[in-house]
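The values are calculated or read from the model by the stated rules, or taken from the named source; none is laboratory data. Remember, it's a predicted structure, so these values are computed and weren't measured experimentally. No Cβ is skipped: glycine too gets one built from the backbone with ideal geometry, and neighbour counts run over all protein chains shown. When the accessible area is computed, the model is the full protein with side chains, heavy atoms only, and any ligands, DNA or RNA have been set aside. Shrake-Rupley method; radii C 1.70, N 1.55, O 1.52, S 1.80 Å.
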Amino acid sequence: MQRSGFNNARVRQANKQIFLSHLWREKQLSKSQLAQLTSLSIPAVSNILEELMDEGRISHSRETLSQRGLSSGSYHLPEKGAWTLCINVTPTSITSQLADARLVAIGDWCHEVIKPETPKALLSALAAHWREYRRQFPEVTINLALGVHGQVDPITGASKTMPQAPWKTPVEIKYLLEEMLGVQVRLDNDCVMLALAEKWQNPAANGDFCVINVDYGIGSSFVINDNIWRGSLYGSGQIGHTIVHPDGIACDCGRYGCLETVASLSALKKQARVWMKSQPTSLYDPETLTTDQLITAWQNGDVRIQAWAEHAASAIGLSLYNFLNILNINQIWLYGRSCAFGDSWLNTLVQQTGFNPFDHGDNPRARATQISFGQLNRAQQLMGIGYLYVESQLSEL
């Protein structure tokens, strides 16, 4: 296959993408800082910045970021422009964070419990949530970015499957909300939201990493060569549907013995409910047992729940070991309410990942596998989905 080289125009385009990427991450940089980050000369940096200014993609400020005398000021993304309402959507809740044109948080994040029985009811709840923000900021265009639980087609903007929702049919969320609200809508899987949050807001994230969300389901998302790996059917990262017990109980996906049926919070609550029904003196009503109650019982030393949580961590670790060997990703962050089980749960999980055969101490380029709790706060996690707009903008340069 014939491959073409890079002409000057393509080099300039690539450099502009790099500059904008740095500015989206840092929000404000000086000319000298950009020169250090890109290893380009000051004259080359000046030319690229001038082009970006002429295109209206960046703005200049007289504010100096240097303590060493003369400075040409600093550069940042334009403050004017559409804002983004970043929302995490599940069958039972809407959690949101409003962000300005530079994806800087506006106010605190908000959580709303919902119980939609139909796709139409879910869309109505999302629309009502957006309209409340629109009421508070009527002068601003507020686009939507949605991190949706389950399998999502980010091209068409459809929710293909949403586990634990009362409906089993696809929902054209993007098209229907854009028609209802008259604003742009982008969406992807909720684990992609976390991966984008790490990629754009965590300076420690390298080009290859993985996030795993252990909540009422178990999902994951992989960043490979600095890009989200979605797969041709947009179903990559479904670690929760790896089979750990072929003769196990039925999963929502239609198969038996998936990791979610063993190690998710839903599985742990189901296990606890079965046991509680045989104990007339149980502290909690098995029919209304909540995740918070489950975690509180664990914290209070309930040996059964502690054993179930450790077993769940062991199962996740064994599944994760296979991913480590296949993809050789050595940086993994864990999110979700199961993280409340703490360091002992994490240590059990890490121990089960075993020895990574690609992690050799005598190789100076190799790095020890790092598995830890994610450190981004909830607002940062939610704003991760807003970077769908950023990545689209960069790809169109």
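Points to keep in mind about this one:
- Given charges at beta-carbon only (K, R positive; D, E negative), |dipole| of the chain in Debye: 360
- Within the stretch 89-103: backbone nitrogen closer than 11 Å to the Phe137 label point (7 Å, Cα to C-beta): 97-103
- Solvent-accessible area, 1.4 Å probe, carbon plus sulfur percent, for the stretch 117-212: 55
- Rounded, prolate or oblate (a/c below 1.5 giving rounded, otherwise prolate when a/b exceeds b/c) for the stretch 155-219 by Cα gyration tensor: oblate
- Cα-derived Rg over Rh, computed across the stretch 81-136 with Rh taken as Kirkwood radius: 1.00
- Solvent-accessible heavy-atom area per residue, rounded to whole Å², over the stretch 224-339 at 1.4 Å: 52
- Reported label for calculated P(r) over Cα pairs in 20 Å bins from 0, in percent given (i) 24, 53, 21, 2; (ii) 26, 59, 15, 0; (iii) 24, 45, 23, 8, 0: (i)
- Checking the Cα-Cα distances for Lys27/Lys115; Lys16/Lys174; Lys16/Lys80; Lys115/Lys168; Lys80/Lys199 against a 26 Å cut-off, the pairs over it are Lys27/Lys115; Lys16/Lys174.
- Candidate lysines - alpha carbon under 18 Å from Lys269, same-chain residues fewer than 8 apart omitted: Lys277
- Values of log10 I(q)/I(0), in the order q = 0.23 Å⁻¹, for the stretch 192-234 under a Debye, Cα-only, solvent-free model: -0.76
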